[in-house]
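Read through the structure below, which is laid out as structure tokens, and then see the notes.
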Amino acid sequence: MRLDELPLRRRAMISAIDWDGIGPAEAKRLREFGFDEGVAVENLHTGPIGGDPIACRVGRMTIALRRRVALAISVVEATA
Amino acid sequence: MNQAPLVALVGNPNAGKSALFNALTGARQKVGNYPGVTVERKSGRFSLDDGRPVELVDLPGTYSLDPASPDEAVTRDVVTGHQTGERPPAAIVVVVDAGNLDNHLRFALQLIGLGLPTVVALNMIDMAERDGLTVDAEALARELGVPVVPTVAVRRRGIEDLRVALGGIIGATPPAPRGDTPPADLVALQRRARAIAAVTTTKPEVHRSLEEKIDRVLLHPVAGLAILLALLFVMFQAVFAWSEAPIGWIEDGFGALQVAVADTLAPGILRSLIVDGLIAGVGSVVVFLPQILILFLFILLLEASGYMVRAAFLMDKLMAGVGLSGRAFIPLLSSFACAIPGIMATRTIDDPKDRLTTILIAPLMTCSARLPVYAVIIGAFIPARDVGYGIGLQGLVLFGLYLTGIVGAMLAAFLLRRTVTRGAAGTFMMELPRYQWPDPRDILIGLVQRAWLFLRRAGTLILTASMLLWLLLTFPQAPEGQSQVEYSAAGRVASVIEPVVRPIGFNHEIALAIIPAMAAREVAVAALGTVYSIESDDEAVLEQSVTERLSGRWPLPTALAFLMWFVFAPQCLSTIAVIRRETNSWRWPLFALGYLFVLAYVAAGITYWSAMALGWA
């Protein structure tokens with residue numbers, strides 16, 4: 001599933017990132033925020049209009065990003 | 001010539017770098033600019049434990065040495081010794097958040113790889129402990145090969161140790177670079193950082209952090225928005241309510257000064273220059289210091305607590321509707337205090353088109369310089385009547401003016417994004433920092449810097465404009481029986497402009513006031529004050545405020561058109577100069593000047609004609 005489809009407060013792991021599907025500047029920022037395959041991720045909050053943007057936890061940081069970018073991030077839910 | 005060794009303070013955003021800078025240097029700070037670029041250079045001095053003086057420079061926070069913005073480019077160029085106008089640093093202090101080593105060590109590794117003498121400040125160690133993390137500073141020092149000092153900058157803990165550690169590496173031969181040079185590519189660096197973080201940090205079971213609990217309320221789709229609106233309401237309310245008393249003191253002070261000078265000097269040119277030109281001009285501007293400081297107090301508190309990014313998060317989708325991003329919210333909010341820091345704050349916007357659009361609409365936010373104009377005109381022409389529910393008509397008009405500016409800015413952004421700044425939609429990607437109690441000392445340092453900038457402006461630009469205006473109004477001297485204002489040089493210039501602004505309801509005095517107001521909007525008030533004070537040679541006029549002098553002199557449609565003019569008109573040379581500096585060309589400041597004047601003329605015209613048609617004259 002993609003990050004934008006991950007329900008709130010469910011732990012997941014990034015399985016793949018479509019680096020070419022987003023702009024180079026966005027890709028660079030994602031990397032700087034620590035987005036990488038195999039990293040734990042969890043959606044925490046969504047914006048007031050249309051659930052956009054999304055605030056998710058990556059490592060020990062909370063990052064706000066738009067749904068359009070979250071589309072490029074594939075995740076697998078952690079088995080409880 | 002400054003020969004003290006230079007120490008560069010570097011780190012990720014949200015690592016507590018500025019607090020550490022304040023803790024090390026105290027109030028001994030200097031704010032300047034790097035030559036050729038618009039990035040602020042903040043530096044300060046302090047002594048090492050052995051008494052050697054060093055100069056500390058606070059570099060813009062960045063996530064890597066691969067710059068995405070002009071700010072980040074300066075950080076890279078300073079630490080690599082390539083920045084013009086800056087000597088190469090003798091040492092660097094890398095600030096990392098002890099609770100976020102996973103991410104912050106990546107940049108630290110990159111910096112250590114430069115081979116300069118380096119100390120790592122393991123900052124916010126208290127917050128990490130609050131989360132139940134245990135960080136082994138000694139193990140970290142072994143892994144990184146440089147000294148590591150635990151600090152809590154906002155509580156001034158570990159600052160002495162940091163001085164000692166710096167003393168140990170400055171001037172000493174740097175250790176030979178370790179065999180394993182850090183990998184250059186971001187992903188590999190990140191993996192190495194994560195590995196080091198894993199061996200130096202003991203993590204408890206992941207639990208819901210305090211941030212998450214607070215954010216469930218503050219970022220709630222309904223409650224979060226309501227809280228943001230309430231905060232903004234309280235902020236603007238406070239700007240007026242809290243400032244009343246200090247404004248009264250400043251007014252009384254300048255009034256007493258005018259009377260005292262008028263009593264000591266014989267009537268004549270010199271007395272007129274000092275009383276009507278100098279004291280009246282500067283006084284009418286300094287009066288707004290309390291309001292500016294209250295607004296900045298709120299903005300500094302919102303920034304330091306970590307709330308500002310949450311506000312950007314809440315506003316992002318709305319801003320996206322007009323082609324901007326939530327990031328633009330922060331500079332636009334600052335522009336309510338003054339467009340200059342607002343425009344400078346746009347540097348954090350990565351997308352160049354987003355940034356340019358934000359710069360172009362920032363002057364439409366009602367800055368504090370418009371307040372004097374609004375306050376005087378509303379006081380003189382809008383009756384202090386209650387419109388029901390305890391809402392005053394004057395306050396309502398003021399609110400309407402603020403709203404007009406915001407709506408105008410959004411419409412302008414919408415149109416600009418589809419024409420001159422057309423391009424791919426930008427994005428919104430930001431780190432939500434941890435909440436923390438702002439340190440009163442850091443806030444105070446910020447406020448003092450703002451107050452100083454404002455007073456310096458009042459003492460130079462506005463003082464000069466006031467004196468110049470007085471000169472132009474006083475010479476040539478009118479012969480007996482003729483109006484001095486009409487006869488003066490300024491009066492003649494105004495007569496040339498008058499036909500242009502006559503259709504939108506402006507009279508001769510307004511035409512006269514809007515010329516010097518180009519220097520700064522507040523001067524319009526001083527100008528009107530001076531015009532009506534020179535015109536009537538009555539002693540009693542001195543004691544009157546500008547509001548009292550104006551009261552009833554203009555028809556209502558003219559007063560309303562004048563207000564509307566000030567919502568849109570780019571009456572501030574400093575703003576134009578900043579746009580020139582920030583966009584590095586004359587094209588955009590001239591464009592802003594043009595489009596804002598056209599908007600101002602049309603909006604004032606529509607207001608005047610509508611008010612006339614409604615029979616409000």
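The values are calculated or read from the model by the stated rules, or taken from the named source; none is laboratory data. Keep in mind that this is a model prediction, so the values were computed, not measured. So basically every Cβ, Gly included, is an ideal-geometry build from the backbone, and we count neighbours across all protein chains shown.
Tabulated data
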| quantity | calculated |
| --- | --- |
| One residue from B:465, B:489, B:520, B:458 being of a type outside the set (S, T, N, Q), modelled with pLDDT of 80 or more and either assigned by the TED database to the domain that holds residue B:600 or crowded, with 22+ Cβ neighbours inside 10 Å (or both) | B:489 |
| Selected residue [crowded, with 19+ Cβ neighbours inside 10 Å and without any contact (Cβ under 8 Å) to a residue 12 or more places away in the chain] from B:355, B:385, B:370 | B:355 |
| Of all residues in the stretch B:114-138 being surrounded by fewer than 18 Cβ atoms within 10 Å (Cβ to Cβ) and more than 18 Å from residue B:150 (Cβ to Cβ), the one that is farthest from the other protein chains (Cβ to nearest Cβ) | B:115 |
| Selection within the stretch B:302-316 - of a type outside the set (A, V, I, L, M) and more than 10 Å from chain A (Cβ to nearest Cβ) | B:303, B:305, B:306, B:307 |
| Any hit, the stretch B:353-374, residues being β-branched (Val, Ile, Thr) and more than 19 Å from the chain's Cα centre (by Cα) | yes |
| Subset of the stretch B:491-522 [among the small types (Gly, Ala, Ser) and under 33 Å from the mean Cα position of the chain (by Cα)] | B:511, B:513, B:517, B:519, B:520 |
| Count of residues meeting criterion [of a type outside the set (Val, Ile, Thr) and touching a Gly at 6+ places or on another chain (Cβ under 8 Å)] in the stretch B:124-148 | 6 |
| Count - residues of the stretch B:368-392 that are polar (S, T, N, Q) and part of a helix (DSSP H, G or I) | 0 |
| For residue B:444: the one exception among (1) in contact with a Ser or Thr (Cβ under 9 Å, 6 or more places away or on another chain); (2) without any contact (Cβ under 8 Å) to a residue 12 or more places away in the chain | (1) |
| Wholly within the stretch B:433-526, helices (runs of 4 or more DSSP H) carrying at least 1 residues that are of a type in the set (A, V, I, L, M, F, W, C) and more than 30 Å from residue B:305 (Cα to Cα) | B:463-474, B:484-487, B:489-501, B:508-514 |
| Any chance residue B:291 is more than 14 Å from every other protein chain (Cβ to nearest Cβ), modelled with pLDDT under 90 and loosely packed, with under 15 Cβ neighbours inside 10 Å | no |
| Selection status of residue A:11, buried (at least 21 other Cβ atoms within 10 Å of the Cβ) and either of a type in the set (Lys, Arg) or facing chain B (nearest Cβ under 7 Å) (or both) | no |
| Filter result (within 14 Å of chain A (Cβ to nearest Cβ), within 22 Å of residue B:158 (Cα to Cα) and not small (Gly, Ala, Ser)) within the stretch B:66-101 | B:96, B:97, B:100, B:101 |
| Selection count, the stretch B:399-441, where residues are more than 30 Å from residue B:128 (Cβ to Cβ), more than 14 Å from chain A (Cβ to nearest Cβ) and either in contact (Cβ under 8 Å) with a residue 60 or more places away in the chain or not polar (S, T, N, Q) (or both) | 23 |
| Every residue from the stretch B:226-249 that is more than 11 Å from residue B:295 (Cβ to Cβ) and not aliphatic (A, V, I, L, M) | B:233, B:237, B:244, B:246, B:248, B:249 |
| Residue within the stretch B:232-239 that is within 22 Å of residue B:458 (Cα to Cα), touching a helix residue (DSSP H, G or I) at 6+ places or on another chain (Cβ under 7 Å), in a helix (DSSP H, G or I) and not hydroxyl-bearing (Ser, Thr, Tyr) present | yes |
| Boolean, residue B:349 is hydrophobic (A, V, I, L, M, F, W, C), surrounded by 20 or more Cβ atoms within 10 Å (Cβ to Cβ) and within 14 Å of chain A (Cβ to nearest Cβ) | yes |
| Verdict on residue B:322 being surrounded by fewer than 20 Cβ atoms within 10 Å (Cβ to Cβ) and without any contact (Cβ under 8 Å) to a residue 24 or more places away in the chain | no |
| Failed item in (1) touching a helix residue (DSSP H, G or I) at 6+ places or on another chain (Cβ under 6 Å); (2) within 14 Å of another protein chain (Cβ to nearest Cβ); (3) at pLDDT 85 or above, with residue B:198 passing the rest | (1) |
| Qualifying residue in the stretch B:50-65 (condition: assigned to a helix (DSSP H, G or I), out of contact with any strand residue (DSSP E or B) (no Cβ under 7 Å at 6 or more places or on another chain) and more than 14 Å from every other protein chain (Cβ to nearest Cβ)) | no |
| Selection within the stretch B:61-75 - in contact (Cβ under 8 Å) with a residue 12 or more places away in the chain and closer than 18 Å to residue B:114 by Cα | B:61, B:62, B:63, B:64, B:65, B:66, B:72, B:73, B:74, B:75 |
| Residue B:330, sole failed condition from (1) under 17 Å from the mean Cα position of the chain (by Cα); (2) part of a loop (DSSP other than H, G, I, E, B); (3) within 14 Å of chain A (Cβ to nearest Cβ) | (2) |
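Yes or no, residue by residue, for (1) free of Cβ contacts under 8 Å to residues at least 40 places away in the same chain; (2) farther than 21 Å from residue B:341 by Cα; (3) not β-branched (Val, Ile, Thr):
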position	(1), (2), (3)
B:238	no, no, yes
B:244	yes, yes, yes
B:258	no, yes, yes
B:273	no, yes, yes
B:284	no, yes, yes
B:299	yes, no, no
B:306	no, no, yes
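Condition check ((1) surrounded by 15 or more Cβ atoms within 10 Å (Cβ to Cβ); (2) at pLDDT 90 or above; (3) within 26 Å of the chain's Cα centre (by Cα); (4) outside the structural domain of residue B:103 (by the TED database)) across all residues:
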{"site": "B:211", "(1), (2), (3), (4)": "yes, no, no, yes"}
{"site": "B:228", "(1), (2), (3), (4)": "yes, yes, yes, yes"}
{"site": "B:240", "(1), (2), (3), (4)": "yes, no, yes, yes"}
{"site": "B:244", "(1), (2), (3), (4)": "no, no, yes, yes"}
{"site": "B:247", "(1), (2), (3), (4)": "yes, no, yes, yes"}
{"site": "B:258", "(1), (2), (3), (4)": "yes, no, no, yes"}
{"site": "B:263", "(1), (2), (3), (4)": "no, no, no, yes"}
